[in-house]
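Step one of this worksheet: look at the structure below.
The values are calculated or read from the model by the stated rules, or taken from the named source; none is laboratory data. Just so we're clear, the structure is a prediction, and the values are computed from it rather than from any experiment. Here the Cβ positions follow ideal geometry from the backbone for every residue, glycine too, while neighbour counts run over all protein chains shown.
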Amino acid sequence: MTSFADDDEDSARPKSLRLYLPGPVTTDPRVRQAMARDWGVWDAEFRALTERVRKYILKVAGVEQTHGCVLVQGSGSFGVEAMVQTFLPRDGRLLIPVNGKYGERIVSICEKLGRDHVVLHFPQGEAVDPVAVDKALAADTAITHAILVHCETSAGTINPLEEIARIIKARGRKVLIDAVSTFGAFDLDAKRLGYDALATSPNKCFEGVPGCAIVVAPVEVLRGATGNAQSHSLDLADQWSQFEATGQWRFTPPTFVMAALGEALRLHEAEGGSAARLDRYRRNHQALADAMEGQGFVPLVPRAEQAPVVISYRDPADPCFDFGRFYTGLRDLGFMIYPGHLTEIPTFRVACIGALNPQDMRDVADAIRQVCNEMGITDFAPAPLL
C-alpha cells in the first residue's frame, strides 16, 4: 500500500530545488511565506487584496484609468483561451503566426472552439516575420484579429511584437497578445501597443505561483465583448463586470495564489518594477550563455535572437547522452529543468527568469557539466544539422 509518509525516493531528494523553468519559476521565500495562512473568500480583506493586485497590474501596463484587469482561475493557457473566446467575436477570423508549441496551442484552442482562423507557419527557432504577417493580412480581408506569442518559450525565441502590432493596427485589425512569459519584465505599455487584450500569468516574470491567469483589456473592449465567450467559466467580460460591481470572483478564487501574488507584486515594485526585473534577467541570460557556450554547448537560437527568458541548448551528440539520466542527475543535485523536449531538434531548456541571479546561472552550468561528465561525456557539441 502506498504511503506518502514512507516515500523513500522523495525523502532522498534535495529539500529545496532551484527551478530553471519558464514557469513555474523559483520563488522568493517571502512569496512562499505569504501562503501560510487561510483566507475567507467573501471577506473584505480578500476583496481588498484582489483590488490591489488588479490595480498594480494596470500600473505595470501603463493604463490605470482606461483598461480593466481580469483574473481567472487556471494557468496562463486558461487566460489565453479565455482571451481568444471573449475578444474574438463568433463571426471573427483570427490570424495565428506559429513558430512553436504555444502558437500551436492557440490553433488547437480555435479548432476546439470552432472559431475561424488562419495559420501562418514559421520554423521553430525562427522569429515571426513581420513582412509575412503584413502580406497575410493584405491577402485576406476577412481576418478581423491577429494574435502573437511574444516569447515562444518552447525554443526561446522572442518575436518582434512592436513591429507586428503596428502592422496589424495599420491594416485595421485588432491585436491580441500572449505575453504569458514576458509581462512584468518587458516594456509592454498598452497605449503604445494598442492591443485589444493581453494575457499573462503570475508565475513567470512576476515570480508568483501558478493557479490563476491575468488578462488586461480596454474597458470599452470588455464592455463590447459580452456574449462572445462559449464558456461560462472563461467569460472574461462577465468576470470583469462582477469585479467592477462587487470586487469579488464569480467562483471560489485561488486564495493562496492571490496571497502569493500580492507579495510577489510588492517585491516587483520594491525591485524597481519591470525595467529592473528585465535588467536582472538580462544579466542572468548573459551569465548562462557565457558559461554554457564556454563549455561547448550550442544554443538552438543564436544569442542575438534569444529572449532573456529561456535558452534552448541542443543535446550533445555523444551516444552516452541520455536525457532521462541527465534530467534526474540535475534534479538530484538540486537543479530542475523542463523534463522533456518541445522542439523537433532535440534540445533541453534552461530558464533565466524567477528569483535567481547570475551566480545561480553559473551554478546550473557547472551542474550540467558535472552530470554530463558523470555520464562519460566531455564533448558537448551537437550532431550536425541536415
Tally of residues being more than 19 Å from residue 84 (Cβ to Cβ) and either modelled with pLDDT under 95 or not in a helix (DSSP H, G or I) (or both) across the range 131-153: 1
Single match in 337, 345 (criterion: in contact with a helix residue (DSSP H, G or I) (Cβ under 9 Å, 6 or more places away or on another chain) and either over 24 Å from residue 207 (Cα atoms) or of a type outside the set (Phe, Trp, Tyr) (or both)): 337
Test: residue in the range 76-97 that is modelled with pLDDT under 95, polar (S, T, N, Q) and in the same structural domain as residue 236 (by TED's automatic domain parsing): no
Flag if residue 143 is among the hydrophobic types (A, V, I, L, M, F, W, C) and under 19 Å from residue 162 (Cα atoms): no
Helices (runs of 4 or more DSSP H) contained entirely in the range 165-247, each with at least 1 residues that are surrounded by fewer than 16 Cβ atoms within 10 Å (Cβ to Cβ) and among the hydrophobic types (A, V, I, L, M, F, W, C): 219-224, 236-246
Residue check, residue 172 small (Gly, Ala, Ser) and within 19 Å of residue 308 (Cβ to Cβ): no
Residue among 350, 298, 309 that alone is surrounded by fewer than 21 Cβ atoms within 10 Å (Cβ to Cβ), within 18 Å of residue 125 (Cα to Cα) and outside the structural domain of residue 128 (by TED's automatic domain parsing): 298
Unmet requirement for residue 26, which otherwise passes all of (1) closer than 16 Å to residue 176 by Cβ; (2) polar (S, T, N, Q); (3) touching a Gly at 6+ places or on another chain (Cβ under 9 Å): (1)
Residue satisfying all of: in the range 363-377; in a loop (DSSP other than H, G, I, E, B) and in contact with a Phe, Trp or Tyr (Cβ under 7 Å, 6 or more places away or on another chain); surrounded by the fewest Cβ atoms within 10 Å (Cβ to Cβ) among these: 375
Residue 326 vs. criteria in contact (Cβ under 8 Å) with a residue 24 or more places away in the chain and farther than 16 Å from residue 207 by Cβ: yes
Criterion: of a type outside the set (Gly, Ala, Ser) and under 25 Å from residue 169 (Cα atoms) - qualifying residue of 90, 52: 90
